[in-house]
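Shown next, in structure tokens, is the structure this report addresses.
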Amino acid sequence: MNKEWLKGLRHGIPIALGYLSVSFAFGMKAVGDGLTWLQAVLISATNLTSAGQMAGLPLMVGGAGLAEMALTQLTINLRYGLMSLSLGRKLDGSMGTLQRLIFSFANTDEIFAVASAQPGTVGKHYLYGLMLTPFLGWTAGTLLGGVAGTLLPAFVRSALGIAIYGMFLAIILPPARKRKPVRFVVLLAVTMSLCFRYIPGLNRVSSGFVIIICAVAAAAAGAALYPEKEGDAP
Amino acid sequence: MSWNAFLPYVAVMAVVTYLIRMLPLTAFRRPIRSRFVQSFLSYIPFAVLGAMTFPEVLYSTGDLRTAAAGVIVAVLLSWQGKSLLTVAIAACLAVAAAQGILLL
């Protein structure tokens, strides 16, 4: 067994545990919304993205157009493009085009964060290990949630419904606390999102477009008011 | 959901998501020059997750009061920099506890 690969696997375990609980909630919600457990697992195994999957679910169930689906995924997952750009500078010589094609699939917020935090460069063995445990956790959690979720008592199901949002808050709040621009962007996006929900007329806009409009406007306002200096952390 | 309706959606989701992750790692290996674009991209994750969380989280448990309990706990723990797993589990426990209190 390759030592770097084992190290990656090990670093992936906390991510996998976090994913397990969140994807359990996703699987449960997907089946509750009318998908089969196999469909829920297929989404998780091919997408590996919490926010994109959560936003995609109501679009599927509501019969939205494929263009709206594509645009929603593009906006919500645009951040991965930036992470890939950033991580590209950290890869060593073992990461040729084929290896990059494989690893790209698993560049999630958490995997990116752990890989970026490694000293020096990272190679294919480490990254393959690091992507495997979270992938298994994400897929297995969806399967368990989809199959067993409806068997759980109602109070457990409603308590689990909040898990994924807890994870979102844990991702955005620590940087919002440290950096004023991030705080501004989050508050603006949240305020706009509240307007789209509660103001008559505005609340007829569909969920995918609401996220696109809020995210693009808030990030653009943030970029205009607080352009980052060269070398700022992404 | 019927497979005929389902498969195009999942294909679009998977392909778009993969391309976003893959292209910058393979095709475009040059750094972005524009400061505005760079900043815009770095703020996008926070804006997306903020807009996805509120107000949706308030309806995630089926009861505004229990959801509020979960949100308060999640915000406090996240603010202190606790891990994803800790925050997610604590939020669930807070919702369960609030449900218990409401039943009394």
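Out of the residues in the range A:31-49 that are more than 13 Å from A:T139 (Cβ to Cβ) and among the small types (G, A, S), state the one that is surrounded by the most Cβ atoms within 10 Å (Cβ to Cβ).
So the residue we want is A:G32.
Taking the criterion of being over 20 Å from A:V122 (Cβ atoms) and in a helix (DSSP H, G or I), would at least one residue in the range A:3-17 satisfy it?
yes
Test A:T133 against the stated conditions and say whether it is touching a helix residue (DSSP H, G or I) at 6+ places or on another chain (Cβ under 9 Å) and surrounded by fewer than 16 Cβ atoms within 10 Å (Cβ to Cβ).
No.
Within the range A:107-127, track down each residue that is at pLDDT 95 or above and either under 19 Å from the mean Cα position of the chain (by Cα) or not assigned by TED's automatic domain parsing to the domain that holds A:K90 (or both).
The answer is A:L127, and nothing else.
All but one of (1) part of a helix (DSSP H, G or I); (2) within 11 Å of chain B (Cβ to nearest Cβ) hold for A:A106; state the number of the condition that does not hold.
A:A106 satisfies all of (1) part of a helix (DSSP H, G or I); (2) within 11 Å of chain B (Cβ to nearest Cβ) except (1).
Here is a list: A:A115, A:A106, A:A148. Which entry is more than 20 Å from B:T53 (Cα to Cα) and surrounded by fewer than 19 Cβ atoms within 10 Å (Cβ to Cβ)?
The match here is A:A148.
Scan the range A:77-93 and give yes if some residue there is touching a Leu at 6+ places or on another chain (Cβ under 7 Å), within 8 Å of chain B (Cβ to nearest Cβ) and of a type in the set (S, T, N, Q), otherwise no.
Yes - at least one qualifying residue is present in the range A:77-93.
State whether the residues of the range A:57-72 include one that is within 8 Å of chain B (Cβ to nearest Cβ) and of a type in the set (S, T, N, Q).
no
Results for (1) out of contact with any Phe, Trp or Tyr (no Cβ under 8 Å at 6 or more places or on another chain); (2) closer than 20 Å to B:V10 by Cα, shown as yes or no for each residue.
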residue	(1), (2)
A:L17	yes, no
A:F24	yes, yes
A:M28	yes, yes
A:G32	yes, yes
A:W37	yes, yes
A:L42	yes, yes
A:T46	yes, yes
A:A51	no, yes
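Can you give me the number of residues within the range B:74-85 that are more than 8 Å from every other protein chain (Cβ to nearest Cβ) and in a helix (DSSP H, G or I)?
Total satisfying the criteria: 1.
Can you tell me which residue in the range B:53-77 is surrounded by the fewest Cβ atoms within 10 Å (Cβ to Cβ), limited to those that are modelled with pLDDT under 95 and hydroxyl-bearing (S, T, Y)?
This residue is B:Y59.
Among the numbered criteria (1) within 19 Å of the chain's Cα centre (by Cα); (2) among the β-branched types (V, I, T); (3) surrounded by fewer than 22 Cβ atoms within 10 Å (Cβ to Cβ), which one does A:V61 miss?
For A:V61, the failing item is (1).
The values are calculated or read from the model by the stated rules, or taken from the named source; none is laboratory data. The structure presented is a predicted model; accordingly, all values stated were derived computationally and were not measured. Positions of Cβ are generated from backbone atoms using ideal geometry, with glycine treated the same way; all protein chains shown enter the neighbour counts.
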